[in-house]
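The values are calculated or read from the model by the stated rules, or taken from the named source; none is laboratory data. Everything numeric in this text was worked out from a predicted model, so none of it was measured. We place every Cβ from the backbone using ideal geometry, glycine too, and count neighbours over all the protein chains shown. Quick note on the areas: whole protein, heavy atoms, side chains included, nothing else; ligands and nucleic acids left out. Shrake-Rupley method; radii C 1.70, N 1.55, O 1.52, S 1.80 Å.
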Amino acid sequence: MVLKWSDLQQPWQVCFEEAWTAYRCGSLPIGAAVFDQSGNLVARGRNHIFDDHGVPGQVSLNQLAHAELNTLLQIDRRSHDLHTCVIYTSIEPCPLCMGAIYMSGVRTVHFAARDPYAGSTNLLGTTPYLSRKNIRIFAPAAQELEVIFLSLLVAAEHRRKQQTGWELFETVVSAWRAVCPAGVAFGEVLHDDKVLAQWTNQDLPTETVFDLLVEKMMEKG
């Protein structure tokens, strides 16, 4: 069965919406969302490292402006029991975000794409402090979704390399290729075909962009 926007659970729809917005604004396409135990959306956020379009209370135009951190900063702890909340993110949290999640009180983490370069869920249990809380980690459940999210990141990193000559490009992308070669290969296609820029200029709805990505992914096999 071909994956469609309408098939996605709401948390992954929100993560993709945030990731696509981040890409369009020139930042890294990473999105996150927190839901309560009843499945209600509590907060959402995205990467703002390279843009200053953040809403009040979020971090922007800063190396600390990561999606998970910006999402957690939106939550009023007086109104929500974070111990019962779940955070969803488009890629495995980095050390900054894993630390923020751990200290926030959130106990359950779902991520859509693995990240052997910066992903840091393996930090849990490595120190007395990081062993104290019972954090449940759920790795990618759908290969197609991992490919989609990772391909956006690969395309964004190509853009970053062109703009800045980013010296870590090969190191990071090679690490991703080791766990999800299809995601990296599809990201290369998106970069070469320049379709993401076209869809951005056309101001296509997010759900249309997602379905077009899946269609293109299926075409490339």
With a 1.4 Å probe and every protein chain left in place, work out the accessible area per residue of the chain in Å², rounded to a whole number.
-> 47
5 angstrom amide H check on THR108, placed H, neighbours 5+ away | ILE87, ARG136
Hey, got the dipole for the chain? About the Cα centre, +1 on K and R Cβ, -1 on D and E Cβ, debye to the nearest 20?
-> 660
With an 8 Å cut-off on Cα pairs and a minimum separation of 6 or more residues, tell me the relative contact order of the range 92-221 in percent.
-> 23
On the full set of protein chains, 1.4 Å probe, figure out the accessible area of LEU73 and give it in Å² to the nearest 10.
-> 80
For the range 158-221, what % of the accessible area comes from carbon and sulfur atoms, probe 1.4 Å?
-> 50
Which listed residue (LEU168, SER131, ALA118) has the Cα farthest towards the positive end of the charge dipole for the range 89-188, taking +1 on Lys and Arg C-beta and -1 on Asp and Glu C-beta about the Cα centre?
-> SER131
Table column - 3J(HN,Hα) (Hz), the range 100-117, Karplus curve with 6.51, -1.76, 1.60, x for Gly and Pro = 5, 4, 4, 7, 6, x, 5, 10, 10, 10, 10, 10, 8, 9, 6, 9, x, 8
FRET efficiency estimate (nearest 0.05) - Cβ-Cβ, ASP76 to MET218, R0 41 angstrom | 0.45
Between ASN40 and PHE169, with labels modelled 7 Å along Cα→Cβ, what's the label distance in nm to one decimal, could you check?
-> 4.6
The answer for ALA113, listing residues at least 5 apart or on another chain whose modeled amide H is closer than 5 Å to its amide H, is ILE91, GLU92
With each label point set 7 Å from Cα along the Cα-Cβ vector, what nm distance links THR84 and TYR117?
-> 4.0
Exposure of HIS48 as accessible area (Å², to 10), given a probe of 1.4 Å and all protein chains = 10
Would you calculate, for the chain, the mean residue ellipticity at 222 nm contributed by helices, counting each DSSP H stretch of 4 or more residues as -39,500 (n - 2.57) and dividing by all residues, to the nearest 500?
-> -14000 deg cm²/dmol
With the charge dipole of the chain built from beta-carbon charges (+1 for Lys and Arg, -1 for Asp and Glu) about the Cα centre, the Cα from ALA19, ALA185, ALA32 projecting farthest to the positive end belongs to ALA32
Cα centroids of the range 122-143 and the range 167-221: how far apart, whole angstrom?
-> 29
Ignoring ligands and nucleic acids, what accessible area does TRP166 show with a 1.4 Å probe (Å², nearest 10)?
-> 40
Karplus 3J(HN,Hα) series, Hz, for the range 39-46 with 6.51 cos²θ - 1.76 cosθ + 1.60 (x for Gly, Pro) = x, 8, 5, 9, 7, 9, x, 8
Ignoring ligands, DNA and RNA, what percent of the accessible area of the range 70-112 is carbon or sulfur (1.4 Å)?
-> 52
Go through the range 136-153 residue by residue and turn each phi into a ³J(HN,Hα) via Karplus (6.51, -1.76, 1.60, θ = phi - 60°); whole Hz please, and just put x for glycine and proline.
-> 9, 10, 10, 6, x, 9, 10, 4, 4, 5, 4, 4, 4, 5, 5, 4, 4, 5
